[in-house]
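Enquirer: For reference, the structure I am asking about is given below.
The values are calculated or read from the model by the stated rules, or taken from the named source; none is laboratory data. As the structure is a prediction and not an experimental result, all values here were calculated from the model. Here Cβ is always computed from backbone atoms with ideal geometry, including for glycine, and neighbour counts include all displayed protein chains.
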Amino acid sequence: MAVATPPQSKTLPIGRTRHRGDTIFSWIARAAGLVIVIVLAGVALFLIFEGAPVLTAESGVSGFLSYVWPLLFGTLLSSAIALIVATPLAIGIALFVTQYAPPKVAAPFGYLVDLLAAVPSVVIGLWGANYLGKHLVPVYQWLGAHLSWIPLFAGPSSATGRTMMTAGLVLAIMILPIVTALCREVFRQAPRLQKEAALALGATRWEMLRSVVLPFGRSGIISATLLGLGRALGETMAVALVLSTSGGVTFNLIGSANPSTVAANVALKFPESTGIDVNRLIATGLVLFVITFLVNVVGRVVVRRGGEVGAGG
């Protein structure tokens with residue numbers, strides 16, 4: 001008795017189709033990466049060529065350095081205050097959301113922190129200048145009266161609250177959701193078996209966090225901090241609205257005489273500038289561009305080394 005054999009189904013060139021799709025996607029991804037490189041190179045060339053006339057002007061390099069140094073000092077000082085305030089707070093919030101809070105509390109609390117990133121910088125700047133600064137005046141007065149021997153609080157304190165300390169606190173609020181979100185995702189990826197093993201050996205929750213979660217997320221914390229630093233370095237409107245500037249270099253954080261920042265100075269003076277003054281502002285933008293680029297490069301190196309260490313156990 002002959003057995004009927006089922007008809008042979010035609011095989012589709014699945015491998016060839018997938019290969020063609022992978023090739024197309026690869027070229028699209030390369031083109032997208034090339035566009036980013038071209039844009040960055042175009043911005044850098046624009047800043048270099050437009051800022052170069054300042055170096056050949058009458059004041060020369062020394063005159064430009066004397067102009068940009070107070071702005072660079074104010075930029076770094078305000079960003080340092082923001083990092084000092086925001087980083088520990090962001091790490092604490094991320095640990096609370098991922099390790100302590102129950103899911104019903106962690107989810108809405110995390111969303112609430114993330115919503116801070118959606119608030120426009122001009123709104124935060126107005127709030128900092130008209131509300132936060134005024135309510136910090138008594139604090140500044142107390143610091144000037146009792147801690148004036150510290151150069152940071154030498155005084156006399158500002159009567160309006162528009163100080164470098166207020167600007168740093170406003171920047172801290174602005175970078176808080178960025179640093180918190182990155183730290184939160186890193187802490188969630190901590191190895192569960194190691195956490196359970198630490199708790200099983202008798203470690204308290206804090207000892208488990210200190211020995212497992214925080215070492216695991218060290219590179220992520222550093223990269224999140226550097227990303228927040230890049231955000232603080234380039235902030236414009238919030239600092240321009242909050243900070244009362246008078247030029248010069250000073251470490252006094254509660255006085256009314258404060259150095260401006262590079263971004264705020266460009267935003268405030270560019271509309272009224274002409275000729276060589278425009279080139280000077282563009283040259284200061286080049287300095288800020290280089291600093292921000294270096295910060296991002298350092299962040300990438302830290303993330304890469306952290307990934308290599310994690311891969312090696």
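Enquirer: Considering each of A198, A224, A267 in turn, give the residue that is of a type in the set (A, V, I, L, M), under 26 Å from the mean Cα position of the chain (by Cα) and buried (at least 19 other Cβ atoms within 10 Å of the Cβ). Quick ask: steps written out before the conclusion?
Expert: Details: A198 fails: under 26 Å from the mean Cα position of the chain (by Cα); A267 fails: buried (at least 19 other Cβ atoms within 10 Å of the Cβ).
Answer to the selection: A224.
Enquirer: Can you tell me which residue within the range 251-263, out of those that are surrounded by 19 or more Cβ atoms within 10 Å (Cβ to Cβ) and either farther than 23 Å from V122 by Cβ or without any contact (Cβ under 8 Å) to a residue 60 or more places away in the chain (or both), is nearest to the chain's Cα centre (by Cα)?
Expert: L253
Enquirer: Next up: Quick one: A197 ticks every box in (1) free of Cβ contacts under 8 Å to residues at least 24 places away in the same chain; (2) in contact with a Gly (Cβ under 7 Å, 6 or more places away or on another chain) except a single one, so which number is it?
Expert: For A197, the exception is condition (2).
Enquirer: Another question about this same structure. Given the criteria over 17 Å from the mean Cα position of the chain (by Cα) and within 30 Å of S256 (Cβ to Cβ), does S121 qualify?
Expert: no
Enquirer: Continuing with the same structure: If only one of A117, A172 is surrounded by fewer than 18 Cβ atoms within 10 Å (Cβ to Cβ) and not β-branched (V, I, T), which one is it?
Expert: Details: A172 fails: surrounded by fewer than 18 Cβ atoms within 10 Å (Cβ to Cβ).
Only one candidate qualifies: A117.
Enquirer: Looking at the range 142-171, which of its residues are under 25 Å from the mean Cα position of the chain (by Cα) and over 14 Å from N258 (Cα atoms)?
Expert: First pass over the range 142-171, keeping only residues under 25 Å from the mean Cα position of the chain (by Cα): 152, 161-171.
Hits for the range 142-171 are L169, V170, L171.
Enquirer: In addition: For the range 273-294: of the residues being of a type in the set (S, T, N, Q) and under 15 Å from V43 (Cα atoms), which is farthest from the chain's Cα centre (by Cα)? Talk me through it step by step, then tell me what you get.
Expert: Filtering the range 273-294 for residues of a type in the set (S, T, N, Q) gives 273-274, 279, 284, 292.
Still in the running and under 15 Å from V43 (Cα atoms): 279, 284, 292.
Working: N279: 27, T284: 20, T292: 10 Å.
Out of the qualifying residues, it is N279.
Enquirer: Same structure, new question: Here is a list: G285, G310. Which entry is small (G, A, S) and modelled with pLDDT under 85?
Expert: On the way: G285 fails: modelled with pLDDT under 85.
Being small (G, A, S) and modelled with pLDDT under 85 holds for just one of G285, G310, which is G310.
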